[in-house]
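Contents: one structure, followed by commentary.
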Amino acid sequence: MLRLAEVLPPQPSNLWTLARQCGVDYVVGTFDWSKGTDVPREDLPWSYMSLVRLKTAYENAGFRLEVIENRPPLNKAKLGLPGCDEEIDAACDLIRNMGRLGIPVWCYEWMPVFNWMRTSSNIPARGGALVTGYDHALMKGAPLTEYGEVNEEHLWNTLKYFLDRVIPVAEEAGVKLAMHPDDPPLSPIRGLGRIMRSVDNFQRLLDIAPSPVNGITLCQGNFALMTDDLPGVIRHFGAQGKIFFVHMRDVRGTPEKFVETFHDDGQTDMLACMRAYRDIDFDGLCRPDHVPTMLNDSNDHAGYSAVGRLFALGYLKGLRQAVYAE
Ligand SMILES: [Mn+2]
């Protein structure tokens, strides 16, 4: 059965308690960056000792840690710049340490320079809740980054080089690699190609490096912008056993112009998606992804406020109970 989880910062907080109170048993972990990376190798956020403390902290609060959703720096690896091999070494260290600690899934991505991108983070939605949105018209005149133009084939080449190095390590460690889509699924943005932005490209990812550990994070908010048949896409990748992790959220619009929504208020048939996960026997973790910022909550980390997560968890628990009881 699909298992619900939450992503929680590494320091215990009220959010941890709220998640437990909602009946969340599984956690998606993020690194403790508080010491920075200018520290002895022993203390890097992805070192064995850092990860063992992270794991026990979550466990002491009643969670099981099954996914790491954070990365050592990989910008040089993505861009194929000098120093890329050292960055890939760090990724291999992380994977080996996850294997030693029995953490089975690593969620990574292949977006160079910047991660998820929005042109607004305080758009009024239902009842005045605040959501993020993206309007490509505002980005067409945006300046290039310091890295100039980077074409998509270059990113495929750097990705293949990366996979050829990390997959044998991941196979030996028993850790699954779950690629997250580019957000938004558009290319290029500010001159930077973006390759993880279509169903065909995700199939290409699977095909260029056949391995039981090469798979995907099915982030619904992004895949919903790539297809009109999200349940069909879930069945397509599910039939290949390639969905290792799920992000549940929703949007309204197109890749060029969209807003995020409450989980029950977007363009996706969430009920049909939940049935698809049931039908493919998905038994990995699923977490609510971005949520609207609701009354009296902070919009400082748009998409990750606390109150909105409670609504999302309740909605997803109800959906899951109904679907699995059918
Ligand atoms: Mn996501």
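Here, each number is a calculation from the coordinates, and none is a lab measurement. This structure is a prediction, so every number in the text was calculated from the model and none was measured. Cβ coordinates were reconstructed from backbone atoms using ideal geometry, including for glycine residues, and neighbour counts include every protein chain displayed.
Computed values, structure above
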read-out: Estimated FRET transfer efficiency (E42, E326; beta-carbon r; R0 56 Å; 0.05); value: 0.65
read-out: Three-way shape call for segment 68-153 based on the alpha-carbon gyration tensor, with the a/c threshold at 1.5; value: oblate
read-out: Low-density loop cleavage sites - trypsin sites (Lys or Arg not before Pro) in segment 106-145, where at most 11 other Cβ are within 10 Å (DSSP); value: K140
read-out: Share antiparallel - DSSP beta bridges, segment 1-153, percent rounded to 5; value: 25 percent
read-out: Ordering of 36-49, 74-87 by burial proxy (mean other Cβ atoms within 10 Å per residue, highest first); value: 74-87, 36-49
read-out: For segment 263-326 versus segment 1-56, the gap between their alpha-carbon centres in whole angstrom; value: 21 Å
read-out: Efficiency of FRET from Cβ geometry, K317 and M49, R₀ 56 Å, rounded to 0.05; value: 0.95
read-out: Gyration tensor (alpha-carbon) shape descriptor, the chain, a/c threshold 1.5; value: rounded
read-out: Under 26 Å, Cα to Cα: Lys pairs in segment 3-325, sequence gap 8 or more or different chains; value: 19
read-out: Fewest-first ranking of S13, S50, using other Cβ atoms within 10 Å as the exposure measure; value: S13, S50
read-out: Beta bridges by DSSP in the chain, antiparallel share as percent, to the nearest 5; value: 30 percent
read-out: Furthest towards positive pole of dipole, G215, S298, G241, structure part the chain, Cβ charges; value: S298
read-out: Residues H247, H290, sorted so that the one with the fewest Cβ neighbours within 10 Å comes first; value: H247, H290
read-out: Cα gyration tensor category, rounded, prolate or oblate, for segment 140-258 with a/c compared to 1.5; value: oblate
